[in-house]
Amino acid sequence: MKKIRDILDTLDRLEEAHILLAALELDIFTRLGDKGLTASAAAKKAGATREGMTALLDALAAMGVIRKRGELYRNTADTYRYLSKSGPGYLRGTVFLKKGNRGEWENLLQTLQKGRDKAAFEGGDDPAFREDFTYAMHERSEPFAKRIAEIAARRPIGDLLDLGGGPGSYSAAMLKRDAKARATLIDRAAALSVAQKLLEGTALLPRFRFSEGDLFDADYGKNRDTVLFSNILHIYNPSENRRLFRRIHRALAPGGRFLLVDLFLKDNRIEPYDAALFSLTMLMYTRTGRTYTFRETRQLLDETGFGSVRVFPLEDGASLMEAVRKK
């Protein structure tokens, strides 16, 4: 259990988070580039006051995020590589999500008091948002992709259907492990465009088929060997997931595998840590979604014709659940 000092330290980290978010909003790491700037030059480029920019850059240097030598402020190797737009590993999607989190988390209290703002989820999908979000999902996939592919490739993957797979990162990792596998990726047009860009120039691209559509209406095909349902479960309520599970059951060949990747909770709903906190994220960011327990997910699988369920832990509170279509 956390002691009072730990609780207060956690609250104090909010200050550090806001400092970093301000730096991202002002594009500080891109402006510093690989050469560095004085506070006056950075203020001029960012449209900020010299006083304010000096305080911000000094705070970032004190945190160890950037370096200061004399009057010159410079990126570290990591901030240049990952947070500068000119860096070779720029985390475009992750930066986009982090910048958006500042305003959205401020809505937590209102959501807790008044419930979800259902009107916020009406209307069509924003392609610009979907593009940046898909890059973010690709960047978040790296810690999991290799492990997921290893689990999936314990037996032939065959004809793989990746539902709402965004950048196709997990599918690509699976196809690298299984040279005979083929994948169909169903998602929105903007997400599919990102997937195609990421696969461009690789030997994997010809083994992918891209199909634009909504998960509740798209043609899933027949006799699929494997269906991947990654980070989709938490978007919907049990009734909606039940509908999707039944569609997946019909698309799979008898004995075909259903792979679910998500943050699953234990029955006490407070473990794993990341999954418990993710429940609040889903309360704010989805119309009907929530985090599911392992038991709840097994029940949904059983109700829709799946059995032989196995659980494979991943990282950061995530797991892969594997189920088989009953004959």
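The values are calculated or read from the model by the stated rules, or taken from the named source; none is laboratory data. Keep in mind the model is a prediction, meaning the values are calculated, not measured. Methodologically, a virtual Cβ is constructed for each residue, glycine included, from the backbone with ideal geometry; neighbour enumeration extends over all protein chains shown.
Some notes on this structure:
- Looking only at region 233-276, and only at residues there that are among the β-branched types (Val, Ile, Thr) and surrounded by fewer than 20 Cβ atoms within 10 Å (Cβ to Cβ), the one that is farthest from Arg155 (Cα to Cα): Ile270
- Single condition Lys146 does not satisfy, out of (1) surrounded by 17 or more Cβ atoms within 10 Å (Cβ to Cβ); (2) within 21 Å of the chain's Cα centre (by Cα): (1)
- Among (1) modelled with pLDDT under 95; (2) not in a helix (DSSP H, G or I) - the single one Glu142 does not satisfy: (2)
- Checking each residue in region 288-318 for being surrounded by fewer than 20 Cβ atoms within 10 Å (Cβ to Cβ) and part of a strand (DSSP E or B) picks out Thr293, Gly307, Ser308, Val309, Arg310, Val311, Phe312, Pro313.
Yes or no, residue by residue, for (1) among the small types (Gly, Ala, Ser); (2) under 24 Å from the mean Cα position of the chain (by Cα):
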position: Ala253; (1), (2): yes, no
position: Glu271; (1), (2): no, yes
position: Met282; (1), (2): no, yes
position: Gly289; (1), (2): yes, yes
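- Scanning region 124-139 for residues that are in contact (Cβ under 8 Å) with a residue 60 or more places away in the chain, acidic (Asp, Glu) and outside any loop (DSSP other than H, G, I, E, B) yields a single hit, Glu131.
- Residue among Ser141, Ser211 that alone is among the hydroxyl-bearing types (Ser, Thr, Tyr) and closer than 27 Å to Thr281 by Cα: Ser141
- Candidates Ala189, Ala183, Ala179: the one that is surrounded by 16 or more Cβ atoms within 10 Å (Cβ to Cβ), modelled with pLDDT of 95 or more and in the same structural domain as Leu320 (by TED's automatic domain parsing) is Ala183.
- Filtered by the rule that a residue be in contact with a Ser or Thr (Cβ under 9 Å, 6 or more places away or on another chain) and at pLDDT below 95, region 301-327 gives a lone residue, Lys326.
- Within region 281-300, the only residue that satisfies the criterion of being of a type in the set (A, V, I, L, M, F, W, C) and out of contact with any helix residue (DSSP H, G or I) (no Cβ under 7 Å at 6 or more places or on another chain) is Phe294.
- Top-ranked residue of region 31-44 - restricted to ones that are in contact with a helix residue (DSSP H, G or I) (Cβ under 8 Å, 6 or more places away or on another chain) and surrounded by 16 or more Cβ atoms within 10 Å (Cβ to Cβ), ranked as nearest to Arg92 (Cα to Cα): Arg31
- Members of region 231-287 that are among the basic types (Lys, Arg) and not in a strand (DSSP E or B): Arg242, Arg243, Arg246, Arg247, Arg250, Lys266, Arg269, Arg287
- Test result for Arg298, more than 28 Å from Lys98 (Cβ to Cβ), touching a strand residue (DSSP E or B) at 6+ places or on another chain (Cβ under 7 Å) and modelled with pLDDT of 95 or more: yes
- Scanning region 90-124 for residues that are at pLDDT below 90, under 30 Å from Asp78 (Cβ atoms) and small (Gly, Ala, Ser), we see that the one that is surrounded by the fewest Cβ atoms within 10 Å (Cβ to Cβ) is Gly103.
- Within region 1-20, being within 17 Å of Asp58 (Cα to Cα), among the hydrophobic types (A, V, I, L, M, F, W, C) and surrounded by fewer than 16 Cβ atoms within 10 Å (Cβ to Cβ) holds for one residue alone: Ala17.
- Boolean, Leu259 is closer than 23 Å to Thr134 by Cβ, at pLDDT 95 or above, of a type outside the set (Phe, Trp, Tyr) and within 19 Å of the chain's Cα centre (by Cα): yes
- Residue in region 282-296 that is polar (S, T, N, Q) and under 24 Å from Thr226 (Cβ atoms) present: no
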